[in-house]
Amino acid sequence: VAKTIGRLFGVGTGPGDPELVTRKAWRVVSEADVVAYPAPDHGTSFSRQIMADAISPDAIELPIIIPMISGRAPAQAIYDEAAEQILAYLNAGHDVAVLCEGDPLFYGSFMYLLARLRDDVAVEMIPGVSSLVASASAALRPLAARSDILTVLAAPLSDDKLEAAIHGAEAVAIIKLGRHLDRMRALIRRLGLMDQAIYIGHASLPHQKVMPLGEAPDDAPYFSMILLYKGSDPWIN
Ligand SMILES: C[S@@+](CC[C@H](N)C(=O)[O-])C[C@H]1O[C@@H](n2cnc3c(N)ncnc32)[C@H](O)[C@@H]1O
């Protein structure tokens, strides 16, 4: 199948600090004819904010607006439409960079566009520094060590699923925290793991917060996670 003339770049922007953007991501975004990014229906796009200084004033910007409360079905329609728009630019010979906070293929929304466009489009991925490693750096502790089983969990999962997964893991990251913070804290307390749990908000940004989960603010932002360490203690062994 003939691929489009324009190239599609899936660009990881890193976790927030513009100095953690790779040189390649910076170059690709500064050269792109079209820059697309997910944006909330209110407020600014985090990935655009990270890359603001790289975006050319001549670039066409294409915000992909995902309502915060949208369920799966409306989001699918939004990605269908965004994929159509991007394809039109690529067919016209324009290069399109799609920004994605952290790494695009680590729980990133870029995968929904990739699934729709992969067969017809020349795609290049630019990996980014994920919030997972940025959070471990913020907390000044290893994410996982030796033969530890590292488990990444999304807070919207049910308590039963979370509990079973935490049971089988040694190092755990709980992402997509936001409004689930209270429930996660209660669960971790019930499992007797409060002493091993660290809360990290806005890792790598000037207002980054790192503290024991027991001291975390009640209103966790969306860009926050819990790191939980049940494995062999790397500080001792
Ligand atoms: C949809 S996932 C996207 C992950 C992203 N693609 C990555 O590689 O980090 C969004 C979740 O990542 C975590 N996250 C992203 N940026 C963060 C940051 N700067 N500090 C702490 N957690 C962050 C939060 O748990 C947030 O709910």
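The values are calculated or read from the model by the stated rules, or taken from the named source; none is laboratory data. Keep in mind that this is a model prediction, so the values were computed, not measured. Cβ coordinates were reconstructed from backbone atoms using ideal geometry, including for glycine residues, and neighbour counts include every protein chain displayed. We work out accessible area using only protein heavy atoms, side chains counted, and drop any ligands, DNA or RNA first. Shrake-Rupley method; radii C 1.70, N 1.55, O 1.52, S 1.80 Å.
The mean sequence separation of alpha-carbon pairs under 8 Å and at least six residues apart, normalised by the residue count of the range 1-105, gives a relative contact order of 48 percent. For Met211, the residues whose amide H sits under 5 Å from its own are Tyr199, ignoring neighbours fewer than 5 places away on the same chain, with H placed 1.01 Å from N.
Counting only protein heavy atoms and a 1.4 Å probe, the range 1-89 has 54 square angstrom of accessible area per residue.
Taking the charge dipole of the range 145-187 about its Cα centre, with +1 at Lys and Arg Cβ atoms and -1 at Asp and Glu Cβ atoms, the residue from Ala169, Thr151, Leu181 reaching farthest to the positive side is Leu181. Counting protein heavy atoms only, the chain has 54 percent of its accessible area on carbon and sulfur, 1.4 angstrom probe. Using the Cβ-Cβ distance between Leu191 and Arg141 with R0 set to 22 Å, the FRET efficiency from 1/(1 + (r/R0)^6) comes to roughly 0.70. When +1 charges are put on Lys and Arg Cβ atoms and -1 charges on Asp and Glu Cβ atoms, the dipole computed for the chain relative to its Cα centre reaches about 540 debye. A Förster radius of 30 Å combined with the Cβ-Cβ distance from Asp80 to His167 puts the calculated FRET efficiency at roughly 0.20. Legend: distances between Cα atoms for Lys3/Lys176; Lys176/Lys209; Lys209/Lys230; Lys24/Lys230; pairs beyond 25 Å are Lys3/Lys176; Lys24/Lys230. Between amide H atoms placed 1.01 Å from N, distances below 5 Å from Ile66 occur with Ala39, Asp41, all of them 5 or more places distant or on a separate chain. Toward the positive end of the charge dipole of the range 1-127, with +1 on the Cβ of Lys and Arg and -1 on the Cβ of Asp and Glu, the farthest Cα among Gln85, Gly102, Pro38 is that of Gly102. Estimated at 0.36 nm per residue, the fully extended path between Ala92 and His207 surpasses their Cα-Cα distance by 37.2 nm. In this rough spin-label picture, where each label sits 7 Å from Cα along the Cβ direction, the Asp17-Leu150 distance is 1.8 nm.
A DSSP coil position with no more than 13 other Cβ atoms inside 10 Å describes none of the GluC sites (Glu not before Pro) in the range 7-72.
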